[in-house]
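Only one structure is covered here, and it is reproduced in the block below.
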Amino acid sequence: MKDYNNLSKEDGKLLVSTARKIVTEYIKNNTKLKLENEFKNNFSFKSGVFVTLNDKQGLRGCIGYPLPNKLLYDALYDAAISAASKDPRFPPVEDKDLNSIIFEVTVLTSPKKIIVNNPEEYLSKIKVGRDGLIVRNGYHSGLLLPQVPVDYNWNAKEFLEHTCEKAGLSKDSWKDPTTIIESFEGIIFKE
């Protein structure tokens, strides 16, 4: 059975093209695409996943599931629809937008808490380009995918600061001993 560790480029192409088909069917016909049994069987392992939509202006929608609580094919379906229609930062994608949007699917490992004795140790334990981050403190949490710091040319400290801000915390909250920082990896597939 497939899992995160043995996804191929062909699997990635299939995930991305299926995300596009799901969104296209939803937008054009307001119906759910019926996924093929073979697709379901191939991607019936639990995994976190994010679907990212980009256009000429940049980010157009990004929603996903950081934890492996759903089967990948189910999580992909829900994330694709949500990225296109429920990201509160953007208006819903319309039929006329579809040709200018690039679809990206990121399949995630399970998040793991980064253990440190001193917050400065985070800077050497986080690898930009490999790790995504989740920052939690109280009711606040924020997540940034592994590709984000690469896209913005951030170092580990900037990555931590921006993830704290995404969580609605001050940028230096990563130094607070009550803040929990988790990392995860992602395989990025893009059109």
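The values are calculated or read from the model by the stated rules, or taken from the named source; none is laboratory data. Remember, predicted model here, so these are calculated numbers, not experimental data. Positions of Cβ are backbone-derived with ideal geometry, glycine not excepted, and every protein chain shown enters the neighbour counts.
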Residue pairs meeting the criteria (Cβ under 7 Å; at least 6 apart or on separate chains; first among the polar types (S, T, N, Q), in the stretch 83-97; second part of a loop (DSSP other than H, G, I, E, B) and loosely packed, with under 15 Cβ neighbours inside 10 Å): S85/P92
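Sort out which residues of the stretch 129-143 are within 17 Å of the chain's Cα centre (by Cα) and either on the phi < 0 side of the Ramachandran plot or buried (at least 21 other Cβ atoms within 10 Å of the Cβ) (or both), and write them in order of number.
Keep residues of the stretch 129-143 that are within 17 Å of the chain's Cα centre (by Cα), which gives 129-136, 141-143.
Answer for the stretch 129-143, where residues must be within 17 Å of the chain's Cα centre (by Cα) and either on the phi < 0 side of the Ramachandran plot or buried (at least 21 other Cβ atoms within 10 Å of the Cβ) (or both): R130, D131, G132, L133, I134, V135, R136, S141, G142, L143.
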Out of everything in the stretch 144-162 that is surrounded by fewer than 15 Cβ atoms within 10 Å (Cβ to Cβ) and more than 17 Å from E121 (Cα to Cα), what residue ends up being modelled with the lowest pLDDT? D151
Which residues, taken from the stretch 39-77, are in a helix (DSSP H, G or I), more than 13 Å from the chain's Cα centre (by Cα) and crowded, with 20+ Cβ neighbours inside 10 Å? Y73, Y77
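Residue check: is F39 in the same structural domain as A75 (by TED's automatic domain parsing), over 25 Å from L143 (Cα atoms) and in contact with a helix residue (DSSP H, G or I) (Cβ under 7 Å, 6 or more places away or on another chain)? Before the answer, list the steps.
Details: in the same structural domain as A75 (by TED's automatic domain parsing): yes; over 25 Å from L143 (Cα atoms): yes; in contact with a helix residue (DSSP H, G or I) (Cβ under 7 Å, 6 or more places away or on another chain): yes.
So F39 fits the description; yes.
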Looking at D97, D78, can you tell me which residue is out of contact with any Cys (no Cβ under 9 Å at 6 or more places or on another chain) and at pLDDT below 95? D97
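K32: among the charged types (D, E, K, R) and assigned to a helix (DSSP H, G or I), yes or no?
Values: among the charged types (D, E, K, R): yes; assigned to a helix (DSSP H, G or I): no.
Criteria not met by K32.
For the condition outside the structural domain of L14 (by TED's automatic domain parsing), within 22 Å of K70 (Cβ to Cβ) and not polar (S, T, N, Q), what is the one hit in L169, L160, L123, L144? Don't jump to the end; show me each part of the working.
Numbers: L169 fails: within 22 Å of K70 (Cβ to Cβ); L160 fails: within 22 Å of K70 (Cβ to Cβ); L123 fails: within 22 Å of K70 (Cβ to Cβ).
Just one listed residue meets the conditions, L144.
Given E36, E94, E121, which one is charged (D, E, K, R) and closer than 19 Å to T163 by Cβ? Spell out the reasoning first.
Values: E36 fails: closer than 19 Å to T163 by Cβ; E94 fails: closer than 19 Å to T163 by Cβ.
Exactly one residue qualifies, and that residue is E121.
Out of S110, S173, which single residue is touching a Ser or Thr at 6+ places or on another chain (Cβ under 9 Å), of a type in the set (S, T, N, Q) and buried (at least 20 other Cβ atoms within 10 Å of the Cβ)? Break it down into steps so the answer makes sense when it comes.
Working: S110 fails: buried (at least 20 other Cβ atoms within 10 Å of the Cβ).
Among S110, S173, only S173 is touching a Ser or Thr at 6+ places or on another chain (Cβ under 9 Å), of a type in the set (S, T, N, Q) and buried (at least 20 other Cβ atoms within 10 Å of the Cβ).
For the stretch 140-170, what are the residues that are assigned to a helix (DSSP H, G or I) and touching a residue at least 24 places away in the same chain (Cβ under 8 Å)? Full working, then the answer.
Going through the stretch 140-170, the residues assigned to a helix (DSSP H, G or I) turn out to be 147-151, 156-166.
Within the stretch 140-170, Q147, A156, K157, F159, L160, T163, C164, K166 meet the criteria.
Only one of L123, L144, L169, L160 is within 19 Å of F50 (Cα to Cα) and not charged (D, E, K, R); which? Talk me through it step by step, then tell me what you get.
Working: L123 fails: within 19 Å of F50 (Cα to Cα); L169 fails: within 19 Å of F50 (Cα to Cα); L160 fails: within 19 Å of F50 (Cα to Cα).
The conditions single out L144.
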